[in-house]
Amino acid sequence: MPELNITVEGKDRADIRATMLGYWRDEQPGTPGNRITYRYNVETLQDGSRIYLNRPAFKNKGCDFVIRCENFNLARTTGNPQPPSHEILVQELETCIAGNSILAERIRNVVWKVFNCEPISPLVAELAPHCQNTLQIERALKLMKWLFIEQDVTYWTETGRWKTFALIEERLGRCQP
């Protein structure tokens, strides 16, 4: 399996989507009986674990991918990383907040910034002095970025990242400034 390290930042959703499609355009075609799968390492967390994408996904609907995170959301039976869901993301954010209303407000402001494609590292630094577990908040924000991107690619002529954003707001409260 080809493994590539890539960096994806962009000024907006369309720019990020174009960057992703550019990487996929360069993938080599498979042959009958020889499906080529790719691993794209997209983020590294402070503990050295990585967030990565596997392509294509099992449903193989064209521009699909699966998000995975090393050392997180491990299956009980195999110990392998399972794709983090939108629900897991919200649970991570709720755990970070843990009844701290000041931190909740700061996280809601940062969610809005992630939604608007701002770089993640400064946002983690912004929250770090207020969090007990900076790895957890870093992982949550970086996973959020990729769950947003996944939704933008899958539903680019529809809702895109709005569906995930609505779920976060439903559980955490209004995230817009």
query: Is the range 125-148 home to any residue that is among the hydrophobic types (A, V, I, L, M, F, W, C), surrounded by fewer than 17 Cβ atoms within 10 Å (Cβ to Cβ), free of Cβ contacts under 8 Å to residues at least 24 places away in the same chain and not in a helix (DSSP H, G or I)?
result: no
Across the range 149-177, the tally of residues that are over 15 Å from residue 107 (Cβ atoms), polar (S, T, N, Q) and not in a helix (DSSP H, G or I) stands at 2
Quick count over the range 23-40, residues being surrounded by 11 or more Cβ atoms within 10 Å (Cβ to Cβ) and out of contact with any strand residue (DSSP E or B) (no Cβ under 8 Å at 6 or more places or on another chain), is 2
Worksheet item: In this structure, is residue 92 free of Cβ contacts under 8 Å to residues at least 24 places away in the same chain and either in a loop (DSSP other than H, G, I, E, B) or among the acidic types (Asp, Glu) (or both)?
Response: no
Picked from the range 116-173 (must be among the aromatic types (Phe, Trp, Tyr) and out of contact with any helix residue (DSSP H, G or I) (no Cβ under 7 Å at 6 or more places or on another chain)), the residue modelled with the highest pLDDT is 146
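The values are calculated or read from the model by the stated rules, or taken from the named source; none is laboratory data. On a predicted model such as this, the values are computed, not experimentally measured, just so you know. Note: ideal-geometry Cβ built from the backbone for every residue, glycine included; neighbour counts use all protein chains shown.
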